[in-house]
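These notes concern the structure reproduced below.
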Amino acid sequence: MEKRRTVPVKLDVDSDDAALLGDTVDEFLWTANEVTRHAFDGEYVTTSKTTLHHETYEDVRDETALHSNHVQAARNKAAEACKSVVAKWKQGKKASMPYFTSPHLVYDHRTATFHDEYVSLATVDGRIEADYVLPDKEPETPHVEYFFSDKYETTGAELHYTNGNWMLHIHCKTEVETDTSAQETTENGTVLGVDLGVNNLAVTSTGTFWKGDEFDHWRREYENRRGTLQECGTRWAHENIHSVGRKEEGRFKQTLHRISNELIAEARDHGCSVIAFEDLTDIRERTDASWGHKWAFNRLYEYVEYKALEYGIDVKRVNPKNTSRRCSHCGFTHPDNRDGESFECLKCGYENHADYNAAKNIGLRYLHRNQTGSGGGASVGIALNSGMLNANGGYEPPAESSAIAGVHAESPRL
């Protein structure tokens with residue numbers, strides 16, 4: 001099984017080299033936008049990388065000083081963005097032609113050479129060398145664990161210009177044997193449903209809640225700090241706004257890493273082979289979330305997705321339509337079933353926390369979508385904190401207590 005990691009490394013770049021990198025990034029973005037415009041210049045949007053290569057490569061090479069691999073990387077960026085737009089159109093959603101503005105640049109082994117203390121990067125005017133700015137080489141840092149480890153292979157990187165710094169996000173991979181103990185515990189195909197929201201960042205079908213109080217507290221705290229600094233209007237204040245942003249992102253990433261680890265532990269404890277999230281498309285509109293919340297949801301999904309690979313657990317997304325309005329007990333769907341954080345089915349009278357009910361529905365949505373009958377590795381149920389919910393909404397008590405269980409014991413852990 002392939003295990004991938006990304007390690008962010010700050011680069012020490014002098015003013016001349018920084019100017020070259022800036023010019024290279026500008027031409028990379030121009031190329032991606034030019035290929036995108038070409039893709040949209042017709043009766044149909046072109047999404048094929050091969051077609052776009054044949055139709056744009058020579059012209060772009062004539063217009064820029066980019067390395068051929070940078071041209072190909074920009075074309076790939078454009079093609080993927082165009083595919084995303086076409087996919088949204090097919091779903092009846094609005095989407096416009098993509099336009100790239102974020103300063104970044106994709107590197108592979110032909111455009112970047114990684115050394116122990118520095119990296120050599122191709123630009124529009126030859127190569128530059130930039131030293132790594134690294135923390136102390138403590139054993140637990142990702143730089144030591146992945147980038148400088150003999151166990152990991154460096155596959156490429158993406159250069160970003162953020163808050164006045166050049167950051168190289170280095171991609172590493174290795175081949176690992178799947179955890180056999182994890183395979184043994186997940187062979188039954190049990191699903192863990194996960195609901196995301198504002199008041200509760202994440203809620204699982206096993207009844208575990210990760211509250212959004214701490215996230216909201218620090219988001220407001222950092223917003224107040226930025227507001228105070230903006231009122232000052234001085235150069236010192238402007239520089240400190242960027243510092244506050246870095247601290248905010250670092251704190252939230254640390255929190256989301258912790259939650260992702262706990263989510264995977266929850267899945268393993270219940271022998272789950274799949275963690276099912278709701279599709280994050282349009283989640284801001286559905287949950288009245290802020291941009292910061294949407295960023296957190298995406299990060300959490302990404303962290304869980306790559307960490308779960310190590311344990312042989314799949315991470316999937318399902319259509320969230322009506323998961324907050326549907327009764328996970330009888331299947332009756334109505335807007336009035338939910339009142340804030342309370343859920344009470346108008347048909348069968350089932351009551352519980354609304355987010356917990358939604359988490360179970362997300363697991364059921366995945367189960368219904370993928371169930372193929374008995375055997376063949378088909379999923380068999382949704383993990384609850386005690387027992388399991390089958391595809392028909394029926395409760396199955398834990399095996400060790402099924403002979404004496406007579407109630408649907410599923411109290412969420414707040």
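The values are calculated or read from the model by the stated rules, or taken from the named source; none is laboratory data. Just so it is clear, the model here is predicted, and its values are computed rather than measured. Positions of Cβ are generated from backbone atoms using ideal geometry, with glycine treated the same way; all protein chains shown enter the neighbour counts.
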**Request:** Name every residue in the range 84-121 that is touching a residue at least 60 places away in the same chain (Cβ under 8 Å) and over 26 Å from the mean Cα position of the chain (by Cα), in order of residue number.
**Result:** Val119, Leu121
**Message:** Against the conditions (1) closer than 22 Å to Ala78 by Cβ; (2) surrounded by 14 or more Cβ atoms within 10 Å (Cβ to Cβ), where does Glu43 fall short? Just the number, please.
**Reply:** (2)
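Return a yes/no flag: does the range 38-56 have any residue that is acidic (Asp, Glu) and not in a helix (DSSP H, G or I). Step through it out loud before you land on a result.
From the range 38-56, those acidic (Asp, Glu) are 41, 43, 55; that's our starting set.
Those still in the list that are not in a helix (DSSP H, G or I) too: 41, 43.
Yes, the conditions are met somewhere in the range 38-56.
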**Request:** Could you please give the count of residues in the range 154-181 that are closer than 28 Å to Ala265 by Cβ and at pLDDT 85 or above?
**Result:** 4
**Request:** Scan the range 269-299 for residues that are modelled with pLDDT of 80 or more, surrounded by fewer than 18 Cβ atoms within 10 Å (Cβ to Cβ) and in a helix (DSSP H, G or I) and report the count.
**Result:** 2
**Prompt:** Taking the condition assigned to a loop (DSSP other than H, G, I, E, B) and under 17 Å from Thr36 (Cα atoms), does Ser84 pass?
**Reply:** no
**Asked** Looking at (1) surrounded by fewer than 14 Cβ atoms within 10 Å (Cβ to Cβ); (2) of a type in the set (A, V, I, L, M, F, W, C); (3) modelled with pLDDT of 90 or more, which is the one condition that is false for Val106?
**Response** (1)
**Message:** Go through (1) within 23 Å of Trp166 (Cβ to Cβ); (2) under 24 Å from the mean Cα position of the chain (by Cα); (3) surrounded by 20 or more Cβ atoms within 10 Å (Cβ to Cβ) for Asn76 and report which single condition fails.
**Reply:** (3)
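Test Trp89 against the stated conditions and say whether it is at pLDDT 95 or above, surrounded by fewer than 17 Cβ atoms within 10 Å (Cβ to Cβ) and in a helix (DSSP H, G or I).
The answer is no for Trp89.
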